[in-house]
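Comments concern the structure below.
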């Protein structure tokens, strides 16, 4: 591992720090983002619908509060006049 990544790794929780995909992202100079992680982890085929079972598989650095995601989507749908189906769209 390159010394330039040491500070980033030191700032992470233990689970994220030891994750092989995160190491790959750093070594290949890929952006350290949730969507890049998901694209690699699921080989470009992100599950739809996205469920809490999928969320807990992510390293803590990329996890989001699943209940907050569903509430936000439900509220947005009501705001624009559509009913939220319970499915989170896959990333492009």
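The values are calculated or read from the model by the stated rules, or taken from the named source; none is laboratory data. Note that this is a predicted model, so its numbers are computed, not measured. Virtual Cβ from ideal backbone geometry, glycine too; neighbours counted across all protein chains shown.
How about the stretch 33-52: which of its residues are over 20 Å from residue 65 (Cβ atoms) and either under 12 Å from the mean Cα position of the chain (by Cα) or surrounded by 13 or more Cβ atoms within 10 Å (Cβ to Cβ) (or both)? Once the filter is applied, which keeps residues that are over 20 Å from residue 65 (Cβ atoms) and either under 12 Å from the mean Cα position of the chain (by Cα) or surrounded by 13 or more Cβ atoms within 10 Å (Cβ to Cβ) (or both), the stretch 33-52 yields 36, 39, 40, 42.
Residues that are over 16 Å from residue 58 (Cβ atoms), at least 3 per element: which helices (runs of 4 or more DSSP H) completely within the stretch 1-44 meet that? Can you show your working first?
Values: elements: 6-11, 14-17, 20-27, 34-41.
Ranges flagged: 6-11.
If you go through the stretch 54-84 and keep only what is modelled with pLDDT of 85 or more and farther than 21 Å from residue 22 by Cβ, you end up with nothing.
Considering only residues that are out of contact with any helix residue (DSSP H, G or I) (no Cβ under 6 Å at 6 or more places or on another chain) and assigned to a helix (DSSP H, G or I), which ones fall in the stretch 45-61?
Kept after step one, since they are out of contact with any helix residue (DSSP H, G or I) (no Cβ under 6 Å at 6 or more places or on another chain), are these residues of the stretch 45-61: 45, 48-51, 53-54, 56-58.
Matches in the stretch 45-61: 53, 54.
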